[in-house]
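The structure appears below as structure tokens.
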Amino acid sequence: MALSGRRAEPGEILAVVRPRPGVVGESKRVCHVVPIPESGRSAGPLAALCGEPVVPAEVEVLPQLSGMPCELCVANSTPGRAGPLPAAG
Ligand SMILES: [Zn+2]
């Protein structure tokens with residue numbers, strides 16, 4: 001199974017965003033993890049770790065993951081948690 005999107009890099013600033021009410025259906029209002037460019041200034045459209053495009057005007061920034069997190073974003077933002085475990089014994 002291959003995950004899409006990309007992994008967060010060490011030291012990267014991550015933000016949690018969620019589409020504002022009305023932008024998407026309630027069932028799609030999951031929390032995405034978005035890497036923030038180091039300059040603090042987004043030169044273009046952002047993309048969540050899962051690959052979902054993020055339009056700053058259409059999302060609200062959350063202080064932490066809450067509600068329904070995007071599984072792919074969570075997996076990609078946690079280094080070393082995905083992939084096969086080393087064989088023990
Ligand atoms: Zn996501």
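The values are calculated or read from the model by the stated rules, or taken from the named source; none is laboratory data. What you are looking at is a predicted structure, and each value in this text was computed from that prediction instead of being measured. Because the Cβ atoms are built from the backbone with ideal geometry, glycine has one as well, and the counts that use them run over all protein chains shown.
Any chance you could count how many residues in region 60-71 are within 11 Å of the ligand (Cβ to nearest atom) and not in a loop (DSSP other than H, G, I, E, B)?
The qualifying residues number 2.
Could you check region 36-62 and list, in sequence order, the residues that are modelled with pLDDT of 90 or more and among the small types (Gly, Ala, Ser)?
Within region 36-62, 47, 48, 51, 57 qualify.
State whether the residues of region 8-19 include one that is within 16 Å of the ligand (Cβ to nearest atom), modelled with pLDDT of 90 or more and in a helix (DSSP H, G or I).
no
Looking at region 63-76, which of the residues that are surrounded by 12 or more Cβ atoms within 10 Å (Cβ to Cβ) and modelled with pLDDT of 90 or more is farthest from the chain's Cα centre (by Cα)? Walk me through how you get there before you give the answer.
Taking region 63-76 first, the residues surrounded by 12 or more Cβ atoms within 10 Å (Cβ to Cβ) are 65, 68-70, 72-76.
Subsequent filtering for residues that are modelled with pLDDT of 90 or more retains 68-70, 72-76.
Values: 68: 12, 69: 9, 70: 7, 72: 7, 73: 4, 74: 7, 75: 9, 76: 8 Å.
The qualifying residue farthest from the chain's Cα centre (by Cα) is 68.
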